[in-house]
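Q: Quick one: the structure is below, questions incoming.
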Amino acid sequence: MNSVNPYLALAIPAVSSLRPYQPGKPVAELERHYGVTDAIKLASNENPRGPSDAVQKAVSSALNELTRYPDGAAFELRAALARYHGLSANQFTLGNGSNELLVLLAEAFLGPGNNAVYDQYSFIVYRLAVQACGAQARVVPALPADHDGQPLGHDLDGLLEHVDEHTRLVFIANPNNPTGTWVDDEALHDFLRALPAHVLTVLDEAYCDYAQAEGAADAIAWLKDFPNLVVVRTFSKAFGLAALRVGYSVSAPGIAELLNRVRQPFNVNSLAQTAAVAALADREWVQDSVRHNQVCRQQLCDGLRSLGYPCVPSRANFLLVNFGTAEHAANCNEFLLRTGVIVRPVANYGLGCYLRITVGTEAEIERLLHALQAWQQASA
Ligand SMILES: *Cc1c(COP(=O)(O)O)cnc(C)c1O
């Protein structure tokens, strides 16, 4: 019997071999642990400006209705999404964060005997969702670190080669987390065309608002050509609503209908539904945030480069920063924590030499760069 957890042997094998997701450290935890105050968090890719005033007001007014269950069908939000994307409401499935959609897709389509394909450096939730269903994971090597254009990015040909008759899902994040890299529209389109009909592509577009500002296509427009495409989006990043947990998938109605069979009836709470409707009505706020991110990401990238830390090219609101060695990255992370700056170690992704840093406000970037300078002086 395992002395750490006596129940381990009772769990199903798919669960006993799982490693839990490690989220970015919360500010309050860091402050408790290290005794620092005014810590900043650049670890989970939230919008540093948060939601707009209009969204905050809408949430406040919804506080009067905490007694009632939320609308399990999320009528208003699905209608708002249908208008926003010019599609019909029966193509949308809502989740408790887009994370839940990834899990629902796995529950609906994966099990022992079939498999899912994803990239070596893709979002860890894919691995967790696939493993928990007892399906096989076919993990595809990423592009090499010295690739010109998309170092550590997705190899679409490699993903396609790993698809077989037992494959049900291919997960692609575009832009990708934790690398920030992206796949070109044309290459992605070719990939979708080449994929057999028995395989669904789960296109995770958590950062698409940032990428579209730099010319990326809106993949939702491709749904009419590819009935086996599922696009997953979130209100947690550019829309600034990470705390409320709301995301959605857009798909053929038949796929949405299956996801609804496994979805819990009240998975998205009332405040989240209200906030998301208000956020969709406030496009200008999101676009402003995206422009702000472009400017600040450049500021961050330049600052890091001048300190000798190169970044992987990014179309998202974070940078994957190369610290040379795993030891250097880990020590630097520890130093930053002690000064109250939380960034994201990515050794659990197999990227020990790197740290992932969210683009914060100008002031937060300054604070990070100063802390890095102090680290260089301290370790010289
Ligand atoms: C942040 C993130 C998500 C999940 O966000 P939710 O808060 O669960 O909506 C999904 N995919 C990727 C690639 C992400 O980085």
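The values are calculated or read from the model by the stated rules, or taken from the named source; none is laboratory data. Remember, it's a predicted structure, so these values are computed and weren't measured experimentally. All Cβ positions, even for glycine, are placed from backbone atoms using ideal geometry, and neighbour counts span all protein chains on display. Surface areas here come from the heavy atoms of the whole protein model, side chains and all, with no ligands, DNA or RNA. Shrake-Rupley method; radii C 1.70, N 1.55, O 1.52, S 1.80 Å.
Q: Determine whether TYR69 is under 27 Å from ARG263 (Cα atoms) and assigned to a loop (DSSP other than H, G, I, E, B).
A: Taking the combined requirement at face value, the residue satisfies it.
Q: Please report, ordered by residue number, the helices (runs of 4 or more DSSP H) entirely within region 260-351 with at least 2 residues that are within 17 Å of ALA213 (Cα to Cα), free of Cβ contacts under 8 Å to residues at least 24 places away in the same chain and open to solvent by 40 Å² or more (accessible area, probe 1.4 Å).
A: Correct list: 283-306.
Q: For region 107-125, enumerate the residues that are small (Gly, Ala, Ser), away from the ligand (no atom under 14 Å from the Cβ) and either open to solvent by less than 40 Å² (accessible area, probe 1.4 Å) or not in a loop (DSSP other than H, G, I, E, B) (or both).
A: ALA108, GLY111, ALA116
Q: Is it true that some residue in region 93-101 is among the charged types (D, E, K, R), farther than 21 Å from THR179 by Cβ and within 15 Å of the ligand (Cβ to nearest atom)?
A: Taking every residue of region 93-101 in turn, at least one turns out to be among the charged types (D, E, K, R), farther than 21 Å from THR179 by Cβ and within 15 Å of the ligand (Cβ to nearest atom).
Q: While we're looking at this one, here's another question. Could you look through region 72-107, keep only residues that are more than 13 Å from LEU258 (Cα to Cα) and among the acidic types (Asp, Glu), and pick out the one that is farthest from the chain's Cα centre (by Cα)?
A: Filtering region 72-107 for residues that are more than 13 Å from LEU258 (Cα to Cα) and among the acidic types (Asp, Glu), the one farthest from the chain's Cα centre (by Cα) comes out as GLU76.
Q: Quickly run through region 171-202 and pick out the residues that are within 14 Å of the ligand (Cβ to nearest atom) and either open to solvent by 10 Å² or more (accessible area, probe 1.4 Å) or not in a strand (DSSP E or B) (or both).
A: Hits for region 171-202 are ASN174, PRO175, ASN176, ASN177, PRO178, THR179, GLY180, THR181, TRP182, VAL183.
Q: So ARG168 ticks every box in (1) in a loop (DSSP other than H, G, I, E, B); (2) away from the ligand (no atom under 16 Å from the Cβ); (3) in contact with a Phe, Trp or Tyr (Cβ under 7 Å, 6 or more places away or on another chain) but one. Which box is left unticked?
A: (1)
Q: Within region 84-102, can you find the residues that are free of Cβ contacts under 8 Å to residues at least 60 places away in the same chain and part of a helix (DSSP H, G or I)?
A: Correct list: ALA89 only.
Q: To continue, here is another question. Limited to region 207-225, what total is found for residues that are surrounded by 19 or more Cβ atoms within 10 Å (Cβ to Cβ) and touching a helix residue (DSSP H, G or I) at 6+ places or on another chain (Cβ under 6 Å)?
A: Number of matching residues: 3.
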